[in-house]
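Undergrad: Got a structure for you, written out below as structure tokens; questions coming shortly.
The values are calculated or read from the model by the stated rules, or taken from the named source; none is laboratory data. Since this is a predicted model, take the numbers as computed values, not measurements. Heads up, the Cβs are rebuilt from the backbone with ideal geometry, glycines too, and the neighbour counts pull from every protein chain shown.
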């Protein structure tokens, strides 16, 4: 029983440290994302099911696979959160190695360091 509690605790901690993924599409604005996401959610709810929540009430549930397929069909992919943009002072671009990513990214030094990355080389 004690071992099970330890496993559950480790899984909860690991879930809290998991990297959050976001839908990304090159050149897409926030308005583009909102429009495409709305259309995909509409389709996902239309093909989803229903859950009984009590007192004769049911609640529609989305088909999550349909939402993902729809977003991919609209040109989106899941990726890590964008780096923060720091605009104060002179900006010098550096190559940054972020945790949980194999490729280097190009950003400014303070954004790299504040995101838990390390500067691998200067531009």
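Undergrad: How many residues does segment 48-81 contain that are surrounded by 15 or more Cβ atoms within 10 Å (Cβ to Cβ) and part of a helix (DSSP H, G or I)?
TA: 5
Undergrad: Identify the single condition in (1) part of a loop (DSSP other than H, G, I, E, B); (2) under 15 Å from the mean Cα position of the chain (by Cα); (3) modelled with pLDDT of 80 or more that residue 84 does not satisfy, given that it satisfies every other one.
TA: (3)
Undergrad: Could you check segment 35-47 and list, in sequence order, the residues that are surrounded by 11 or more Cβ atoms within 10 Å (Cβ to Cβ) and under 22 Å from residue 24 (Cβ atoms)?
TA: The initial filter retains those residues of segment 35-47 that are surrounded by 11 or more Cβ atoms within 10 Å (Cβ to Cβ), namely 35-37, 39-47.
Hits for segment 35-47 are 35, 36, 37, 39, 40, 41, 42, 43, 44.
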